[in-house]
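Peer 1: Would you mind keeping the following structure in view while I ask a few things?
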Amino acid sequence: MLTLFLVFVILSFVAGKVKKVYDLDRYTFSDYMKEFRYSWKEGSHEFLHHLETFKSNVKEIIAHNKNPHATYKMGINKFTGFSTKDMRNYNGYSKSLKQAHKPTHLKDHNIQMRPVSDLPREIDWRKEGIVSAVKDQGHCGSCWAFGATGTLESSIARATGLLFSLSPQQIASCAPNPDSCGGTGGCMGGTAEIAFDYVAKSKGIQQSFQYPYTSYYGEDFKCNTDNEAEAVAYIDGYTMLQRNNYTELMNAVATIGPIAISVDASTFGKYESGIYTNCPGYGDVPGSPDINHAVVLVGYGVDDVTGLKYWLIRNSWSPAWGEQGYIRLIRSDNDSDNCAIDTTPEDGYACAGDHTPISVCGACGMLCDSSYPTGAGVFGQDDDRKP
């Protein structure tokens with residue numbers, strides 16, 4: 001019996017099913033600080049702020065999970081002591097950088113468009129072995145670099161059969177932002193398109209162990225160009241999909257592979273599992289979306305239990321968050337018409353005082369900005385390029 005039990009535990013762990021169960025009526029702030037290694041000094045303003053936020057969030061988690069009609073579950077994670085405002089440090093998509101950036105390697109796409117009804121019912125590129133392990137951006141607003149490298153890894157793997165773990169630090173430190181509009185790159189934010197443009201016109205991108213991630217605690221570092229010749233892979237450009245076009249994005253992720261997208265992640269902190277529906281301005285949820293986070297769209301599907309359609313999205317908040325680092329976001333075939341207004345362009349979208357709101361469609365605005373790299377290859381593999 002013991003042997004069979006151990007086999008069950010091992011198989012469950014491998015399948016990613018083992019998850020810590022919390023007794024929320026007994027779980028204390030002290031337990032939380034110890035588990036997630038926070039060292040706020042007792043009695044300090046910081047300590048008291050996170051304590052009160054923790055209490056409020058745990059209360060919300062308990063109430064939400066008692067709702068028998070909820071399509072997703074909330075849970076304890078490293079963000080349980082953090083407010084929505086605190087969570088801004090864990091995003092890092094700067095909409096103003098997007099507007100200011102002048103692409104030099106933008107390509108037209110050649111996707112053969114099909115009706116959504118003709119596409120596969122489910123796409124999960126993890127099953128094809130072209131998606132690497134989930135990473136953790138830490139306290140740096142470098143989601144744009146992680147979203148870009150995650151998409152690059154899959155594009156390169158699909159083109160060459162080789163799945164690398166590529167360096168988000170190289171992009172965060174080296175991708176230029178000459179316009180300095182709304183941010184300065186690095187931990188202050190950027191976009192996947194800036195990252196793709198940099199990789200296309202540089203000597204390529206290195207692996208994570210060659211150019212390690214050092215900005216975890218929120219510090220920016222100058223670009224290290226001494227080992228540029230160590231790049232392992234390259235692209236020749238990137239493609240941007242039509243803004244707020246559901247059919248085009250469905251076709252792209254079904255045929256091209258993982259796609260870099262942008263979302264409003266303001267309310268993602270307490271997510272644990274299930275189909276997430278609590279997007280500001282979407283459906284009956286009050287509020288306005290604020291596009292602030294770059295992630296990777298890895299597929300889509302239909303939940304077997306609820307029958308709800310969803311997008312499968314890879315985040316960069318570690319595999320301990322959500323569903324092993326992923327979130328399933330509610331999806332509807334009429335999402336091109338499910339739109340709201342991002343009313344805070346001054347938070348990042350506009351340059352030089354331009355406060356014009358923008359329309360963003362789909363849950364959490366996830367249809368508003370989609371792109372993927374083109375011409376992916378590996379140095380030394382049937383090519384004449386030199387790093």
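The values are calculated or read from the model by the stated rules, or taken from the named source; none is laboratory data. Being a predicted model, the structure only gives us computed values, none of them experimental. Every residue, glycine as well, gets a Cβ built from its backbone with ideal geometry; the counts of neighbours run over all protein chains shown.
Peer 1: Return the residues of the range 283-313 that are touching a Leu at 6+ places or on another chain (Cβ under 8 Å) and either surrounded by 15 or more Cβ atoms within 10 Å (Cβ to Cβ) or modelled with pLDDT under 95 (or both); say none if nothing qualifies.
Peer 2: The answer is 297, 298, 299, 300, 301, 310, 311, 312, 313.
Peer 1: Quick one: is residue 53 at pLDDT 95 or above, surrounded by 11 or more Cβ atoms within 10 Å (Cβ to Cβ) and closer than 21 Å to residue 277 by Cβ?
Peer 2: Criteria not met by residue 53.
Peer 1: Against the definition (touching a Leu at 6+ places or on another chain (Cβ under 7 Å) and either aliphatic (A, V, I, L, M) or outside the structural domain of residue 123 (by TED's automatic domain parsing) (or both)), how does residue 261 come out, yes or no?
Peer 2: The answer is yes for residue 261.
Peer 1: Could you tell me whether residue 195 is out of contact with any strand residue (DSSP E or B) (no Cβ under 6 Å at 6 or more places or on another chain), among the hydrophobic types (A, V, I, L, M, F, W, C), modelled with pLDDT of 95 or more and not in a loop (DSSP other than H, G, I, E, B)?
Peer 2: Spelling it out, it is not the case that residue 195 is out of contact with any strand residue (DSSP E or B) (no Cβ under 6 Å at 6 or more places or on another chain), among the hydrophobic types (A, V, I, L, M, F, W, C), modelled with pLDDT of 95 or more and not in a loop (DSSP other than H, G, I, E, B).
Peer 1: Further question on the same structure: Filter the range 123-145 down to the residues that are in contact with a strand residue (DSSP E or B) (Cβ under 7 Å, 6 or more places away or on another chain) and surrounded by fewer than 20 Cβ atoms within 10 Å (Cβ to Cβ), then identify the one that is nearest to residue 319 (Cα to Cα).
Peer 2: The selected residue is 136.
Peer 1: Tally the residues that are out of contact with any Asp or Glu (no Cβ under 6 Å at 6 or more places or on another chain) and part of a strand (DSSP E or B), restricting the search to the range 293-309.
Peer 2: 9
Peer 1: Which numbered condition in (1) assigned to a loop (DSSP other than H, G, I, E, B); (2) closer than 15 Å to residue 318 by Cα is the only one that residue 163 fails?
Peer 2: Against the list (1) assigned to a loop (DSSP other than H, G, I, E, B); (2) closer than 15 Å to residue 318 by Cα, residue 163 comes up short only on (2).
Peer 1: So which pairs qualify, if the first residue must be in the range 198-218 and without any contact (Cβ under 8 Å) to a residue 40 or more places away in the chain, the second must be of a type outside the set (Gly, Ala, Ser), the Cβ gap must be under 7 Å, and the two must be at least 6 apart or on different chains?
Peer 2: Short answer, once both residue conditions are applied: 198/171; 198/174; 198/176.
Peer 1: With the requirement that a residue be in a helix (DSSP H, G or I) and closer than 19 Å to residue 336 by Cβ, what does the range 248-288 give you?
Peer 2: 248, 249, 250, 251, 252, 253, 254, 255
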